[in-house]
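The structure appears right after this line, and notes come after that.
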Amino acid sequence: MTTLKGDADYGRIGEGYARVRRADPRIAALVHAALGDARTVVNVGAGAGSYEPSDRHVLPVEPSAEMRAQRPARLAPAIHGFAAALPFDDGSVDAAMALLTVHQWPDAAAGLREMRRVARGPVVVLTFDPEALGRLWLMDYVPELRAVEARRYPAIGTITAALGPDTEVRPVPIPIDCVDGFSEAFYARPEALLDPAVRRAQSGWSFLEPGVEEPAVSALAADLASGAWDERHGHLRTQPEFDGAVRLVVSRGSAPRWRGAA
């Protein structure tokens, strides 16, 4: 099975995505603070609209019909388009954002340069650092998933180089009750990863070779039943935050300097 970036089939795996992948308010606060005073924001790879600020004019761009269909009525309809060819003039919007999506783009650097082209002010990217994926215990059960994801996610250096100077990288701590259902969100709730609907909302699983996922999930279920998981990782069940691979990358452009969130 191919592991090229940009080829996740959301027509197949996108059903129910919006029920699992919801904006976590603490991560949203960081993203919205990074947007500064921007009033017009392009959201590239907008998906079902998680993390889109409600107090600004958002222009969503999304190539997947399945994901566009899952956008709630309260959000603006998404434009059918691609990161590498944004249908906007140079400097035509205040800011641009791309949240947990750059690994889906066939040419991440081209898409990031497009975001920098159209935005007068900050470009905000939420992503995973491929070098830090091994921090999550799940990768011990399914190392093939770590290998797949490490190939899909662009290096942080690739992102900062495409966005240019005055770009900041900030680790994003994951709260224990994170409501956005990416893999690391369940660092303290391993039982959730036994649910096929949860795994289906995490695109990396769809890139595994046949016969890999089932044994890995069975091994996790067995360790949870026997107590072996808790012997090794039980301290995580009460750990308030997890220092994983999530990173917020902010290219300031000509906007006021990013102050972060409380």
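A few comments on the model shown:
- Elements of type helices (runs of 4 or more DSSP H) contained in segment 5-105, each with 1 or more residues being modelled with pLDDT of 95 or more and crowded, with 23+ Cβ neighbours inside 10 Å: 25-34
- Qualifying position, being free of Cβ contacts under 8 Å to residues at least 40 places away in the same chain, exposed (fewer than 15 other Cβ atoms within 10 Å of the Cβ) and either among the charged types (D, E, K, R) or part of a loop (DSSP other than H, G, I, E, B) (or both), among P165, P210: P165
- Pairing each residue of segment 54-78 that is on the phi < 0 side of the Ramachandran plot with any residue that is surrounded by fewer than 16 Cβ atoms within 10 Å (Cβ to Cβ) and in a loop (DSSP other than H, G, I, E, B), provided the two are 6+ apart or on different chains, yields C-beta distances under 7 Å for R56/R39; H57/R39; V58/A76; P60/A76; P63/H80; R71/P77.
- Restricting A201, A221, A197 to those that are surrounded by 14 or more Cβ atoms within 10 Å (Cβ to Cβ), among the hydrophobic types (A, V, I, L, M, F, W, C), out of contact with any Asp or Glu (no Cβ under 7 Å at 6 or more places or on another chain) and modelled with pLDDT under 95 reduces the list to A201.
- Some residue of segment 216-236 being within 23 Å of the chain's Cα centre (by Cα) and not aliphatic (A, V, I, L, M): no
- Residue satisfying condition, being over 19 Å from the mean Cα position of the chain (by Cα), over 22 Å from H32 (Cβ atoms) and of a type outside the set (K, R), within set P87, P106, P77: P87
- Residue satisfying all of: in segment 227-251; aliphatic (A, V, I, L, M) and assigned to a helix (DSSP H, G or I); surrounded by the most Cβ atoms within 10 Å (Cβ to Cβ) among these: L236
- Residue list for segment 168-207, filter: touching a residue at least 60 places away in the same chain (Cβ under 8 Å) and in a helix (DSSP H, G or I): E184, A185, A197, V198, R200, S203, W205, S206, F207
- Which numbered condition F207 fails, given (1) under 29 Å from A38 (Cβ atoms); (2) at pLDDT below 95; (3) among the hydrophobic types (A, V, I, L, M, F, W, C): (1)
- Search result, residues across segment 100-154 that are of a type in the set (D, E) and closer than 20 Å to D24 by Cβ: D129, E149
The values are calculated or read from the model by the stated rules, or taken from the named source; none is laboratory data. Nothing here was measured: the structure is a model prediction, and the numbers come from that model. When we count neighbours, we look across all protein chains shown, and the Cβ atoms used for this are built from the backbone with ideal geometry, even at glycine.
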